[in-house]
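Working notes, beginning with the structure itself.
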Amino acid sequence: MSIPYLRAAGTSLVLDARGTGVPVIVHWGADLGDLSGELLATLADASVPAISPSSIDVPLRLSLLPTLAQGWSGRPGVSGFRPGRGAAALDLRLAELRTGSPSATGRALPGTQTLTIYLTDAPARVSVRTDLELSVEGVLRLRHTLTNTGVDPHLAAFELGSLDVILPVPDRARELLDFTGLWTHERRPQRSTLGQGVWSRESRHGRPGHDDSYLMVAGTPGFGFRTGEMWATHLAWSGDKRAWAENSALGCSVLGSGELLAPGELSVAAGASHTTPWTVAVYSAAGLDGLSARLHPWIRSWSTIAGPRPVVLNTWEAVYFDHDLPTLARLADAAAAVGVERFVLDDGWFTGRTDDRRALGDWFVDPVTWPGGLHPLIEHVHAAGMEFGLWVEPEMVSLDSDVARAHPEWVLGAADADADADADADAGAVSPALTWRFQRVLDLGNQEAFAWVLASLTALLTEYPIAYLKWDHNRDLLAGSAHRQTAALYRLLDAVRAAHPGVEIESCASGGARIDLGILERVDRVWTSDTNDPLERQQIQRYTSVLVPPEYLGGHLGAGTAHTTGRTSELSFRLATALFGSAGIEWNLTRANKDELVMIATWIARYKQLRPLLHSGVVVRADPSDPALELHGVVAPDQNSALFAQVALAAPRAAVPERMRFPGLAPERRYRVAPLVLGAAPRTIQDASPAWLAEQSSPGGGGASAPAPGLGVGAGAGLGVGGSVTLTGAVLALVGLPAPLLAPEQAALFTVDAVE
Ligand code: DGJ
């Protein structure tokens, strides 16, 4: 086992752990097939590079934790110092390597191969344990635990600078993809070429942020959703972090990731340890869809999601802070009438919360608006057959709140080290610091503050039958304690979940500013973005779902004119967009007209039928050459059925749009493709549709079919609803079908069903 070879689902990892050095990464990427011990040794030997001129006098090989002591002058895997003794030049040695040790997560996932590597630098009194797991889906995870092995309690602490996972990518991975974004425009892809140097993305928001790098992907030039070979990493952490790609004259390109630590933030005392977040690393030989094809089933294997995703009505854009029982009861009735299953009372329900300037932290039901507490509303919601959910923002505090007045020392940044600040704190004042949305952060690292907020949530969950918490986080921390705060957040979420295992939690951070695999272990839904504008949503959902399966991605049907952009969209486009995720509504339904309500009810009924497919299937996206067009879908794992959406983001490049090529179907099987109209038909240019879509037409022998009952309402504005065609999966993927001439900002849905 001195040359561990881990293989799963077409990917593999080879380490050279011979000798006493830190194990070398010989290969991470495609599966290399059966390799006996002798072949593995030959591979490891043959991978040793030449000694280059003007370099160290031994071959330079990338180890699992590269440092200067190994001749690695790129970003190091570990850095730190002991006060008074200068930077630690760690020279770690391999002490032990164990395979098959119990999963470091405590959640032994069947079939996961594990490797634990123990490294030590005895003179420096530092040891590192590296946990490495390869799941059956081919998802690789790595993390390090650094221990200060000094026994003398007076020995200085080890001040950790960085402790990162660094993985090699081959020379052909020359194109980078990572993400950036803004509030309501999250997950914007950006591409670059990996030249020499470091391309580094850093988050100092105390949360990943709207501009989170999300995934760092290095691939063969021009890679797309269906094509190209690529290597990707993601840090499963909800605080500050960095992800980078580095290429240098050393002749080795790498991807790196780790928590971004502020100077002095993490001090490892003698005898203590620090464990990093996991870096999740995925290889694909089949485009970005190939990454999702590994990540989604792996996430589903440990997901906390317990049942079908209920259709939600969230009150935010319907009423904002304007709460009163009669209005909300009418909204609940309207929601129940169209088939909503969970009614979520958003911000505005607690003491004095009349706007966003006050009251955060006072988690008591406002006695003026709610003289009978929330009971009358919850009873009304239950009587209408729905579950009840509640918005909270437990990590935050308004300065204008009873809790901040009583405990100014609980406000993050309140007790600064300088004497003036101490004096202010003694006098009961909160130190001046920037507010953001008029709010500050509650210092969860303060045990009393933590206990108080946990008690507040517990009291709410005990008094009221709450099925779901929408857990918000509406500002950056802007403090040097992101690690402490994030670790405390995880403890808080874990404590709430342990005490109330039936309560679901949604992670929201002004929309999608905290979507990562650290939080995903603790929540059942994420609020993908604060925008309900379907045009923005198409892009946000498309890229967010490369990593996160669609059942997590909250997507709401908003009002005709989006509140965040002012853009007006047709109902059919809004319905087709919100369908592909954890669907809901965020619109004052009491103002919707009768036709709209019928269409929404039709949509919800169909969503309920489709959600087993949408929430367990394989997410696929075609690579149209026209950037105005997108084709995406979900294919059932057994390839018996699929649902696709052809989306026109803008006017097409050509008068006749390029064909729809349906990916992911079984090549040899026959499928019937038919349009699905959910209440309202998409608009086409001059009512033009290809022959196969026209009513009663059946080129290819599919035969005419009647629209499914209840699905034809409002149809007929150009997109035929009676046509269908039956062809093989290979033909549908390679030749494709002529697309409808969709007008800009329209989407057409297609069901695809195997016929025997
Ligand atoms: C930001 C969230 O993203 C919104 O959905 C809403 O919950 C508001 N906060 C409430 O303050």
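Values in this text are rule-based calculations from the coordinates and carry no lab data. Quantities reported herein were computed from a predicted structural model and do not represent experimental measurements. For neighbour counting, all protein chains shown are included, and Cβ atoms are generated from backbone atoms with ideal geometry for every residue, glycine included.
The charge dipole of the chain, taken about its Cα centre with unit charges on the Cβ of Lys, Arg, Asp and Glu (plus for the first two, minus for the last two), comes to roughly 1800 debye. Taking Cβ atoms as reference points and 13 Å as the exclusive limit, the residues near residue 560 contribute a net charge of -4, counting Lys and Arg as +1 and Asp and Glu as -1. As a ratio to 2.2 N^0.38 Å, the alpha-carbon radius of gyration for the chain is 1.01.
You can think of it this way: the chain between residue 498 and residue 48 has 157.0 nm of extra reach, that is 0.36 nm per residue less the Cα-Cα gap. With one equal scatterer per alpha carbon and no solvent term, the Debye-computed log10 I(q)/I(0) for the stretch 64-302 at 0.16 1/Å reads -1.23. The stretch 574-607 and the stretch 1-51 have Cα centres separated by 53 Å. Semi-axes of the equivalent ellipsoid of the stretch 91-193 are 32, 22, 15 Å, computed as sqrt(5λ) over the eigenvalues of the C-alpha gyration tensor in descending order.
Among 598, 755, the order by Cβ neighbours within 10 angstrom, fewest to most, reads 755, 598.
Whole angstrom only: what separates the Cα centroid of the stretch 56-75 from the Cα centroid of the stretch 183-212? Here the answer is 27 Å between Cα centres. Potential lengthening of the chain between residue 409 and residue 55 amounts to 122.0 nm, from the contour at 0.36 nm per residue minus the alpha-carbon distance.
Here the extension length gained between residue 95 and residue 640 equals 191.1 nm, from 0.36 nm per residue of separation less the Cα-Cα distance.
With both labels modelled 7 Å from their Cα along Cα-to-Cβ, the residue 34 to residue 193 distance reads 4.4 nm. Would you mind computing, in nm to one decimal, how far apart the modelled labels at residue 447 and residue 591 are, each placed 7 Å from Cα along Cα→Cβ? The two pseudo-label positions are separated by 5.1 nm. In this structure, residue 272 and residue 87 have a Cβ-Cβ separation that, at R0 = 22 Å, corresponds to a calculated FRET efficiency of about 0.65. Think of it as helices only: each DSSP H run of n ≥ 4 in the chain is worth -39500 (n - 2.57), and spread over all residues that comes to -6000 deg cm²/dmol at 222 nm. A straight line joining the Cα centroids of the stretch 371-394 and the stretch 114-158 runs 47 Å.
What FRET efficiency comes out for residue 434 versus residue 375 if R0 is 41 angstrom and r is the Cβ-Cβ distance? Round to the nearest 0.05. Rounded to the nearest 0.05, the efficiency is 0.60. Measuring nothing but how far apart in sequence close Cα pairs (under 8 Å, 6+ apart) lie, relative to its length, the chain scores a relative contact order of 9 percent. Of 585, 56, 117, the sequence from fewest to most neighbouring Cβ atoms within 10 angstrom is 56, 117, 585.
Ranked by how many other Cβ atoms sit within 10 Å of their own Cβ, fewest first, the residues 608, 594, 241, 470 fall in the order 594, 608, 470, 241.
Within the stretch 166-272, the proportion of C-alpha pairs whose separation exceeds 20 Å stands at 44%.
Label sites at residue 2 and residue 41, each approximated as a point 7 angstrom past Cα along Cα to Cβ, lie 0.8 nm apart. Across the stretch 1-158, the mean sequence separation of Cα contacts (distance under 8 Å, 6 or more residues apart), normalised by length, yields a relative contact order of 17 percent.
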